[in-house]
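Let me begin by presenting the structure, written as structure tokens, before commenting on it.
No value in this document is a laboratory result; all are computed from the given coordinates. On a predicted model such as this, the values are computed, not experimentally measured, just so you know. Positions of Cβ are backbone-derived with ideal geometry, glycine not excepted, and every protein chain shown enters the neighbour counts.
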Amino acid sequence: MLTADDLAFDRQHIWHPYTSMIDPLPCYPVVTADRCTLTLADGTQLTEGMSSWWAAIHGYNHPRLNQAMVRQISHMSHVMFGGITHPAAVSLCRKLVDMSPEGLDKVFLADSGSVAVEVAMKMAIQYYSGDTRPRRKFLTIRQGYHGDTFAAMSVCDPENSMHALWKGYLPEHMFVAAPATGFDHPWQEEDIAEMQQMLAAHHQQLAAVILEPIVQGAGGMRFYHPNYLRRVRQLCDQFGVLLIADEIATGFGRTGRLFACQHAEISPDIMCLGKGLTGGTMTLSATLATSAVAEKISNSPAGCFMHGPTFMGNPLACAVACESLSILAEGHWQRQVKEIEQLLTEQLQPLKDCPRVADVRVLGAIGVIECHHPVRMAEIQQFFVSQGVWIRPFGRLIYLMPPYIIRPEELSRLTTAISLAVRQDNLFAMPD
Ligand code: PMP
């Protein structure tokens, strides 16, 4: 239980994400999470629209995920990975190699999404480290998001992640405009022109192109055309530059395919996974690479890949990830995601007629309402809680990515709350 005193302590002493320590936004005390429901300390129940930032794909308190953790605890919750291996890591990596796009058969386990991106970028740099001209630059697309650590930030959208704030600390990389052709719009070949020019001009300096395949998440919730990704793959091959796909948000079924790369039928050279990997129960990420990448790194001057976090391959996290992947392998997610996509389309598309709404986009189990004006965070959060839903917008975007097991009536509760919210002036920052 949480007392008023606990909440006052939280306000005074505990940092929350992107929140002021002198004027913090309100924090809602959650005491239990079950299936698609969060319960607050006062008993209020909220239907979950965010899957805890894309992670809780099977919902909360899943008996099979819980059992997997309990079983693993009785063997060992942790053991170092240097010079040691264990059944949970081997089973997990076997599954990852089997299910991931063709050719990705070497797995590096790390702690979080951002670290998986750091690992991928280090791999790309080490890959070229023995060449006569080592390569240290990355090319990416604007409106991307790859995490909050320094290397990851350096390839995030320069404005969203405020590169100006970190000038002098952040390595400077290359950016092209975000793809303009929407996922299901007619493909425009000129969309790839800038990427092609940049690769032609700078490929000898470029270690890799890094991007979020198909769905740009936290940088703008944009869905782009599979041909863009297909063309990037061709260009990377043509110019001899590695392709890193950050599937941390999109992986494990969220976009309607197991991995978003499959919309374009491509395999990257390096792929980052996280978030849904453990069904949202524990922090764990994986960076997968092709044998060619792993072998060249191992033949480079260092002789091995230079990374090794303390909690690498944490058995508890690996065991629960294994069970999460077993649930996915049973295949129900495909029907669930399709049904969510249909319902989101039916219930959100009509909001296009609302004057406040600039665009409505749905792909797989992701629904996005882009508004003309930014939301007032504290007010809209409170409004959603009063409607019995947990939805956390940012900027001009109100979006849903519910657990795959959500029931139609729960999903309707989420979409109804959004349709009420976009009709209320006081929930948006209007220009004077
Ligand atoms: N890449 C993408 C595409 C993400 O969406 C995120 C998290 N939102 C990250 C990387 C970073 O993951 P983490 O927050 O686990 O460090």
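If you take every DSSP beta bridge fully contained in the chain, what fraction is antiparallel? Give it as a percent rounded to 5.
Around 65 percent of the beta bridges assigned by DSSP in the chain are antiparallel ones.
Using the Cα gyration tensor of the stretch 161-304, with a ≥ b ≥ c the square roots of its eigenvalues, what is the shape: rounded (a/c below 1.5), prolate (a/b larger than b/c) or oblate (neither)? Can you show the working numbers first?
Numbers: a/c = 1.27, a/b = 1.04, b/c = 1.23.
Judged from the Cα gyration tensor, the stretch 161-304 comes out rounded (a/c under 1.5).
Report the one residue of T140, H372, A417 whose Cα lies farthest in the direction of the positive end of the charge dipole of the chain (charges on C-beta: Lys and Arg +1, Asp and Glu -1; origin at the Cα centre).
Checked the options; the winner is T140.
Does the stretch 232-373 come out rounded, prolate or oblate by the C-alpha gyration tensor, with a ≥ b ≥ c the root eigenvalues, rounded set by a/c under 1.5 and, if not, prolate when a/b is larger than b/c and oblate if not?
prolate
Work from the charge dipole of the stretch 122-258 (Cβ charges, +1 for Lys and Arg, -1 for Asp and Glu, about the Cα centre) and give the residue of Q205, I192, P158 farthest towards its positive end.
Checked the options; the winner is Q205.
How would you rank 140-150, 31-41, highest first, on the average number of other Cβ atoms within 10 Å across their residues?
Details: 140-150: 21.6, 31-41: 16.5.
Top to bottom by mean Cβ count within 10 Å: 140-150, 31-41.
How big is the chain on each of its three principal axes, counting only the C-alpha atoms and giving the largest first in Å?
Computed over the chain, the largest-to-smallest principal extents equal 62, 56, 45 Å.
Regarding the stretch 332-417, what is the average projected area of its C-alpha convex hull, in nm²? Don't skip to the end; give the middle numbers.
Working: hull surface 20.5 nm².
Spelled out: convex hull of the Cα atoms, projected over all directions, averaged, 5.1 nm².
Calculate the length of the line joining the C-alpha centroid of the stretch 1-76 to that of the stretch 390-407, in whole Å.
After rounding, the separation between the Cα centres reads 16 Å.
Given charges of +1 on the Cβ of Lys and Arg and -1 on the Cβ of Asp and Glu, with all other atoms neutral, how large is the dipole of the chain about its Cα centre, in debye to the nearest 20?
Details: 33 positive and 42 negative charges, 124 e Å.
So the dipole magnitude of the chain works out to roughly 600 debye.
What is the sum of charges around Y127, taking Lys and Arg as +1, Asp and Glu as -1, for the other residues whose C-beta is under 14 Å from the C-beta of Y127? Don't jump to the answer; show the numbers that get you there.
On the way: positive: K106, K122, R133, R135, R136, K137, K296; negative: D131, D269, E295.
Taking every Cβ under 14 Å from that of Y127, the sum is +4.
Need the list of aspartates and glutamates near K352 for cross-linking: C-alpha distance under 20 angstrom, and skip anything on the same chain fewer than eight residues off.
Candidates past the 8-residue exclusion: D184, E341, E370, D425.
Show that you can apply the helix-only estimate: for the chain, add -39,500 (n - 2.57) for every DSSP H stretch of four or more residues, divide by all residues, and state [θ] at 222 nm to the nearest 500.
Working: 13 runs with 148 residues, N = 432.
Roughly -10500 deg cm²/dmol at 222 nm, from the helical runs in the chain.
Using alpha carbon centroids, what distance separates the stretch 80-120 and the stretch 201-240, in Å?
About 23 Å separates the Cα centre of the stretch 80-120 from the one of the stretch 201-240.
Counting other Cβ atoms within 10 Å, which chymotrypsin sites (Phe, Trp or Tyr not before Pro) in the stretch 314-411 have at most 12 and lie in a DSSP loop? Working shown, then result.
Working: sites: W333, F383, F384, W390, F394, Y399, Y404; in loops: Y404.
Nothing satisfies the criteria.
If you find the alpha carbon centre of the stretch 151-181 and of the stretch 415-430, how far apart are they in angstrom?
Each part's Cα centre sits 31 Å from the other's.
Rounding to the nearest 20 debye, state how big the charge dipole of the stretch 25-139 is about its Cα centre with +1 on each Lys and Arg Cβ and -1 on each Asp and Glu Cβ.
On the way: 11 positive and 9 negative charges, 93 e Å.
I would put it at about 440 debye.
Suppose we flag GluC sites (Glu not before Pro) only when DSSP calls them loop and at most 16 other Cβ atoms lie within 10 Å. Which is the longest uninterrupted stretch of the chain?
Numbers: sites that count: E102, E159, E172, E265, E330.
The answer is 331-432.
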